[in-house]
Amino acid sequence: MLRNIGKFPSIKFENYRLIFFISVVAFSGSFLITYLSPNSKPTGWQYADILVPQALLKTVLSQKSIHNLDASSIKVLKISSRAAGNLYVFDYRSSQLCGAVGYLYSLYNESGNILLEFIANPYLPPKENLIQATDIDNSRFPCLIITQSTEQENIVSRTRYCYHKGKYIRLNRYLTEVGKGLESKD
């Protein structure tokens with residue numbers, strides 16, 4: 001027994017190196033598939049010059065009659081739609097496009113067609129999203145819920161817009177408690 005003190009058991013280092021190599025390759029592959037695939041969903045608003053195809057951004061900026069708008073400050077929310085390409089909600093957040101009740105937002109498809117414009121106040125209670133896509137699908141486009149604060153404490157309004165004949169139209173509006181999910185109204 002005393003003869004083995006200070007000696008390491010004979011472990012074949014090559015076996016562990018192979019296992020380590022396979023683990024690194026598997027992790028790297030799963031990372032690339034998950035985060036770099038075109039079907040991955042970005043989390044929240046991102047800058048337009050990073051997220052939006054340049055041809056679409058050029059189209060959007062040419063349709064607005066604003067000469068001093070800084071394109072690098074525009075934020076966009078990308079919404080995937082089934083077989084209809086991506087939708088892009090533009091948040092201009094510019095004093096030139098702001099009114100007493102909120103800011104101008106525009107929804108475009110990948111082809112550069114404007115599908116909806118609305119004015120909304122982006123300042124909502126915690127855990128509330130300004131825009132959410134629903135699982136309900138109309139003409140391969142998801143319906144959208146736009147949430148706004150109300151004068152009543154802990155109550156928000158949700159307005160549903162769905163795609164119809166080339167545009168998003170308003171279907172209904174309802175009041176609900178802050179933090180209550182959309183499931184009951186879909």
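For chymotrypsin sites (Phe, Trp or Tyr not before Pro), the sites in the range 54-157 that DSSP calls loop and that have at most 11 other Cβ atoms within 10 Å are TYR123. Subtracting the Cα-Cα distance of ARG93 and LEU171 from their residue separation scaled by 0.36 nm leaves 25.5 nm. Using the Cβ-Cβ distance between LYS58 and ILE119 with R0 set to 22 Å, the FRET efficiency works out to roughly 0.35. Once you order the gyration tensor axes a ≥ b ≥ c over the Cα atoms, which shape class does the range 48-186 get: rounded for a/c under 1.5, otherwise prolate or oblate by comparing a/b with b/c? Oblate is the answer for the range 48-186, as a/c is 1.5 or above yet b/c matches or exceeds a/b.
Between GLU110 and ILE155, the simple label model (points 7 Å from Cα in the Cβ direction) yields a spacing of 4.2 nm.
Only lysine pairs 8 or more places apart or on separate chains count here, and in the range 44-185 those with Cα atoms under 20 Å apart total 10. The order of ILE146, ILE79, ILE50, ILE155, going from fewest to most other C-beta atoms within 10 Å of their C-beta, is ILE50, ILE155, ILE79, ILE146.
Each value in this text was obtained by applying a stated rule to the coordinates, not by laboratory testing. Bear in mind that the values here come from a model prediction, so they are computed numbers and not experimental data. With ideal geometry, Cβ positions are generated from the backbone for all residues, glycine too; neighbour counts draw on all protein chains shown.
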